[in-house]
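Engineer: Here you go, one structure.
Nothing in this text is a laboratory measurement; each read-out follows from the coordinates by a stated rule. Keep in mind the model is a prediction, meaning the values are calculated, not measured. Using ideal geometry, Cβ is built from the backbone for each residue, glycine included, and neighbour counts are taken over all protein chains shown.
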Amino acid sequence: EEDTPLEKETAVDPGNPRRAAVLLPLPLAGAYDYLIPPDMAVEPGAVVAVPFGKRELSAVVWEILPDEGRPGPGGESALPLERLRPVLEVLPVPPLTEVARRFLRWVADYTLASPGAVLRMALSAPAALQPPRPLTLYRRSEAPPPQGFRLTPARRRLLEVFEEGPARALAEAAAAGGVGTSVVKGLVKAGLVEAVSLQREPGFPVPDLDLAGPALSDRQASACETLHGCIAAQDFSVTLLDGVTGSGKTEVYFEALAAALAAGRQALVLLPEIALSAQWLERFEARFGVAPALWHSDLTSAQRRAIWRAVAFGRASVVVGARSALFLPYSDLGLIVVDEEHEAAFKQEDGVAYHARDMAVVRAQLGKIPVILASATPSIETLNNVQNGRYGRLELPERHGGALLPRIDLVDLLEDKPPRLEGMGPGGGQAWLSTALRAAMAETLAASEQVLLFLNRRGYAPLTLCRACGHRLQCPNCTAWLVEHRLAGRLQCHHCGFASRLPKTCPDCGAEGSLAACGPGVERLAEEARALFPQARLGLMTSDTLTGPDAAAEMVRAVQAQEIDLLIGTQIVAKGHHFPHLTLVGVVDADLGLYGGDLRAAERTYQLLHQVAGRAGRAERPGRVLLQTSEPEHPVMQALAGGQRDPFLAAEAQARENAGLPPFGRLAALILSSPDARQVDALASALARRVPRIEGLSVLGPAPAPLAVLRGRHRRRFLIKAPRGFRLQAVLSGWLGDVKLPSNLRLQVDIDPYSF
Ligand code: ADP
Ligand code: ZN
């Protein structure tokens with residue numbers, strides 16, 4: 001679409017350019033001019049060090065300019081050369097490619113973020129810009145002992161270590177000899193041991209392309225053939241790999257990865273949730289013999305550094321990452337795969353608000369490469385692009401190996417009210433499992449098969465209420481209830497991280513023992529399950545219990561090894577896992593995501609529940625799913641029970657088209673926030689008075705944003721609607737362009753907001 005040409009033709013002396021526009025990784029409006037010292041060779045994209053105020057910053061040469069510079073946007077003349085500060089140094093990393101620079105510009109223009117804020121995502125590993133520090137190793141020299149050398153027992157032990165072993169680092173050598181480091185230094189002084197300096201750059205294992213994947217079914221093979229064609233074409237294309245859960249989408253795109261790697265290019269796989277991808281990583285290793293480079297927000301700075309460099313120098317050929325991996329400095333990216341393309345996790349809402357799936361398509365277009373979007377429940381946006389011919393589609397309608405899709409039944413909670421539990425004491429005994437679900441659980445457990453209970457609510461109870469006065473425990477910083485986490489023994493806000501102990505008395509009326517948990521979270525559900533099935537071995541899977549990739553991998557292993565009979569989890573269990581012995585899925589509250597005025601509420605509920613249902617019966621034994629709902633007639637429930645995905649999505653798409661909502665119209669959100677409610681209201685009214693009046697544009701608000709107070713900041717929101725093809729960014733920039741923001745006021749633009 002809006003593709004800004006990066007460099008304009010300028011009259012630059014190619015032999016001796018002296019002025020460069022340098023983009024700094026800061027939220028500034030544009031690039032700054034710097035002087036290029038006469039003996040410095042600089043090209044566009046070069047990563048350089050420049051002075052900025054009193055600091056020194058790493059930045060990127062955006063353009064080489066004519067010596068006299070260019071007039072500013074207001075016609076003001078450029079600073080003369082003699083007033084410019086010089087570029088200090090070209091850093092020893094490859095320049096950002098032209099495609100990478102055009103991509104950064106495109107993302108900035110589209111999201112209305114400053115180019116520097118986008119650049120900061122690309123320079124996300126500052127340490128990577130410096131050459132690695134050489135490593136000093138010690139080894140035995142050839143020299144004989146000098147005159148008067150005393151061979152103490154410590155020295156003898158150490159010399160033995162060096163005689164036998166390879167060169168070692170100082171501390172390591174000392175430890176191996178059981179001596180202090182001063183003994184090593186003494187031997188160096190005596191000339192018996194020498195220090196050697198090594199440039200250390202961790203090698204990245206190369207995928208083994210001689211390993212073969214499984215024999216593919218006809219359908220899988222023909223999908224691969226199409227994808228191979230896309231890769232051979234070396235051109236931009238988008239293909240939706242639309243296959244039911246377990247149909248082999250991963251196997252198919254592995255073959256596409258192999259083809260891109262065989263062509264000598266790099267490949268990127270975006271996954272929605274890296275921490276939950278242990279099984280995926282194992283499969284990758286089994287297929288390619290090595291682990292891919294993993295990129296996510298929890299890496300140490302040493303890991304970031306190593307991966308950033310390996311990607312920039314082309315040593316890492318496959319990157320698997322969360323959305324930010326899109327901004328790594330690929331030397332030659334040849335293929336992008338976005339797995340579970342419909343996932344909300346691809347949308348970033350803080351800072352630069354972008355959707356990684358959409359930006360992956362842009363990146364592919366600029367780089368003239370193919371992109372594969374995989375999903376069993378594609379987004380309405382993507383399906384719309386298939387329908388209008390922009391994207392291709394490959395379908396895998398059957399599970400691999402003839403495994404059947406699970407049968408989905410609805411349980412009407414108004415008819416089958418969960419019976420209270422006996423003997424649970426006062427206030428206890430409330431239950432959430434219907435008779436039908438209990439019976440199915442009993443049957444499944446008796447057959448030594450596994451059960452999954454799905455409830456998308458962390459903690460013990462979403463709300464704690466005083467039975468004496470009706471007071472509800474609320475977060476002091478947010479418009480949100482505090483959630484009781486009984487296992488951790490505290491109340492937590494899920495929005496700001498606030499935590500406190502559960503008080504013994506009501507903070508409002510002082511009544512004792514009056515606070516009661518309202519509604520179920522997974523911990524409370526576990527309590528009920530334990531009361532009903534005391535023999536079953538329980539496993540809890542939530543982001544509170546699975547605190548890292550290792551804990552997640554361990555839980556997945558335990559489930560696969562059948563050390564767990566009854567798994568209880570939040571959406572974290574919905575994603576990608578393959579549990580062959582799991583044959584019953586119970587969705588405790590299928591209506592949970594349906595409300596809240598979100599344009600995608602129905603679509604997302606469908607996608608999530610479909611995905612959860614897909615955990616059942618992935619191997620020989622057929623699976624069964626029970627959805628507990630109070631609205632069995634709801635289109636989402638009907639679509640799930642009837643296996644009618646496409647008619648449901650078509651009806652959803654039609655409703656959105658009628659309402660002029662995305663992808664049939666354009667939408668942006670503008671959120672103003674400040675610790676001071678009056679200040680934010682004043683700015684909101686000022687903005688409301690100058691809303692541009694343009695045919696087709698409608699601006700709703702200002703209104704309190706969902707979560708009207710978040711982390712102590714009051715939030716107001718405008719929603720901006722416009723027809724498709726409308727130049728929304730230009731109008732928004734005009735509207736917001738010269739707003740003066742007091743320092744504690746923030747204005748966040750979200751183009752294509754995900755939820756509202
Ligand atoms: P999806 O990504 O569509 O959910 P997967 O690629 O995970 O499907 O495949 C589901 C299961 O079936 C995996 O265990 C996978 O290894 C297996 N599988 C898929 N296709 C084949 C095949 N052609 N040969 C052997 N196993 C396969
Ligand atoms: Zn809070």
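Engineer: What is the packing order of peptides 188-197, 582-591, taking the mean over residues of other C-beta atoms within 10 Å and listing the highest first?
Structural biologist: The peptides rank, most packed first, as 582-591, 188-197.
Engineer: Now, a different point. Gap in Å between the Cα centre of segment 478-541 and the Cα centre of segment 553-631?
Structural biologist: Each part reduced to its Cα centre gives a spacing of 22 Å.
Engineer: Sticking with this one: Among bridges DSSP assigns within the chain, what percent are antiparallel (round to 5)?
Structural biologist: Antiparallel: roughly 55 percent of the beta bridges in the chain.
Engineer: So which of LYS249/LYS347; LYS347/LYS740; LYS249/LYS721; LYS249/LYS368; LYS347/LYS417; LYS347/LYS368 end up more than 30 Å apart by C-alpha?
Structural biologist: Going by Cα-Cα distance, LYS249/LYS721; LYS347/LYS417 fall outside the 30 Å limit.
Engineer: Taking the Cα centre of segment 44-178 as origin, work out the dipole magnitude from +1 charges on Lys and Arg Cβ and -1 charges on Asp and Glu Cβ, in debye rounded to 20.
Structural biologist: 640 debye
Engineer: Which one of SER375, HIS400, GLN365 has its Cα pushed farthest toward the positive end of the charge dipole of segment 365-430, where Lys and Arg give +1 and Asp and Glu give -1 at the Cβ?
Structural biologist: Working it through, the farthest residue towards the positive pole turns out to be GLN365.
Engineer: Further question on the same structure: Sorted by average packing, counted as other Cβ atoms within 10 angstrom per residue and highest first, what order do 57-66, 555-564 take?
Structural biologist: 57-66, 555-564
Engineer: With r defined as the distance between the Cβ atoms of ILE694 and ARG724 and R0 fixed at 22 Å, what FRET efficiency is calculated, to the nearest 0.05?
Structural biologist: The pair ILE694/ARG724 has a calculated efficiency of 0.90.
Engineer: Right, another one. Could you give the nm distance between label points at LEU151 and VAL188, where each point is 7 Å from its Cα heading toward the beta carbon?
Structural biologist: Taking the two extended label points, one gets 2.3 nm.
Engineer: If one computes the Cα centroid of segment 126-172 and of segment 337-353, what distance in Å separates the two points?
Structural biologist: Answer, in whole Å: 50.
Engineer: For the pair ARG472 and ALA29, what calculated FRET efficiency results from E = 1/(1 + (r/R0)^6), where r is the Cβ-Cβ distance and R0 = 60 Å, to the nearest 0.05?
Structural biologist: 0.85
Engineer: Given the rule -39500 (n - 2.57) for each run of at least 4 DSSP H residues, summed and divided by the residues of the chain, what is its mean residue ellipticity at 222 nm, to the nearest 500 deg cm²/dmol?
Structural biologist: Using -39500 (n - 2.57) per qualifying helix, the result is -8500 deg cm²/dmol.
Engineer: Let me ask something else. In nm, give the distance between the simple-model label positions of ALA561 and GLU285, each being 7 Å from the Cα along the Cα-to-Cβ direction.
Structural biologist: Output for this residue pair reads 1.6 nm.
Engineer: Run the dipole for segment 423-501 about the Cα centre, Lys and Arg Cβ at +1, Asp and Glu Cβ at -1, nothing else charged, and hand back the magnitude in debye, nearest 20.
Structural biologist: Once rounded to the nearest 20, the dipole reads 380 debye.
Engineer: For the residue pair LEU81 and THR547, what label-to-label distance in nm results when each label sits 7 Å from Cα along the Cα-to-beta-carbon direction?
Structural biologist: Each label point lies 7 Å from its Cα, and together they span 6.0 nm.
Engineer: Please name which of GLN679, PRO702, ALA668 has its Cα lying farthest along the dipole of segment 631-744 towards the positive end, using unit charges on Cβ (Lys, Arg +1; Asp, Glu -1) and the Cα centre as origin.
Structural biologist: GLN679
Engineer: Using only alpha carbon positions, build the gyration tensor of segment 559-649, then give the equivalent ellipsoid semi-axes as the square roots of 5 times its eigenvalues, largest first, whole angstrom.
Structural biologist: They are 25, 14, 11 Å, listed from largest to smallest.
Engineer: What whole-number volume per residue, in cubic angstrom, does the convex hull of the C-alpha atoms of the chain give?
Structural biologist: 237 Å³
Engineer: If you average the alpha carbon positions of segment 649-713 and of segment 357-396, how far apart do those two centres end up, in angstrom?
Structural biologist: The distance from the Cα centre of segment 649-713 to that of segment 357-396 comes to 28 Å.
Engineer: Same structure, new question: Grab the eigenvalues of the alpha-carbon gyration tensor for segment 376-430, scale each by 5, take roots, and send me the semi-axes largest first in whole angstrom.
Structural biologist: Sorted largest first and rounded, they come to 45, 18, 10 Å.
Engineer: Given an 8 Å cut-off on Cα distances and at least 6 residues of separation, report the relative contact order of segment 270-356 as a percent.
Structural biologist: Relative contact order for segment 270-356 comes out at 35 percent.
Engineer: Among rounded, prolate and oblate, which fits segment 626-756 when a ≥ b ≥ c are the square roots of the eigenvalues of its C-alpha gyration tensor, a/c under 1.5 means rounded, and a/b larger than b/c means prolate?
Structural biologist: oblate
Engineer: Can you tell me the FRET efficiency between ALA143 and ASP298 if r is taken as the Cβ-Cβ distance and R0 is 56 Å, rounded to the nearest 0.05?
Structural biologist: Efficiency, from the Cβ-Cβ distance: 0.70.
Engineer: Please state the shape class of segment 278-346: rounded when a/c is under 1.5, otherwise prolate if a/b exceeds b/c and oblate if not, all from the C-alpha gyration tensor.
Structural biologist: Rounded shape, in that the Cα axes give a/c under 1.5.
Engineer: Shape verdict for segment 78-218, please, from the Cα gyration tensor: rounded (a/c under 1.5), prolate (a/b greater than b/c) or oblate.
Structural biologist: oblate
Engineer: Provide Rg over Rh for segment 167-239; use the alpha carbon set for both Rg and the Kirkwood Rh (inverse mean inverse pair distance).
Structural biologist: Rounded to two decimals, Rg/Rh equals 1.48.
Engineer: Could you list, by residue number, the cysteines of the chain that have no other cysteine's beta carbon within less than 4.7 Å of their beta carbon?
Structural biologist: That list is CYS224, CYS230, CYS496, CYS518.
Engineer: Now for a separate question. With the contact rule set at Cα under 8 Å and sequence spacing of 6 or more, what percent relative contact order holds for the chain?
Structural biologist: 10 percent
Engineer: Just how large is the dipole of segment 513-620 about the Cα centre, in debye to the nearest 20, putting +1 at every Lys and Arg Cβ and -1 at every Asp and Glu Cβ?
Structural biologist: Here segment 513-620 has a charge dipole of around 200 debye.
Engineer: List LYS249, LYS504, LYS575 from most exposed to least, where exposure is judged by having the fewest other Cβ atoms within 10 Å.
Structural biologist: So the residues, fewest neighbours to most, are LYS504, LYS575, LYS249.
Engineer: When only C-alpha pairs under 8 Å and at least 6 residues apart count, what is the relative contact order of segment 218-296, in percent?
Structural biologist: Relative contact order for segment 218-296 comes out at 23 percent.
Engineer: Hey, another quick one. Where in segment 498-535 does the amide nitrogen come within less than 18 Å of the point 7 Å from the Cα of SER448, taken along Cα to Cβ?
Structural biologist: 535
Engineer: Further, regarding this structure: From the phi angles alone, apply the Karplus equation (6.51, -1.76, 1.60; θ = phi - 60°) to segment 361-376 and give each ³J(HN,Hα) in whole Hz, x where the residue is Gly or Pro.
Structural biologist: The phi angles translate into 5, 5, 4, 5, 5, 5, x, 6, 9, x, 10, 10, 10, 10, 5, 8 Hz.
Engineer: Sort 403-414, 36-47 by packing, meaning the average of other beta carbons within 10 Å per residue, with the highest value first.
Structural biologist: 403-414, 36-47
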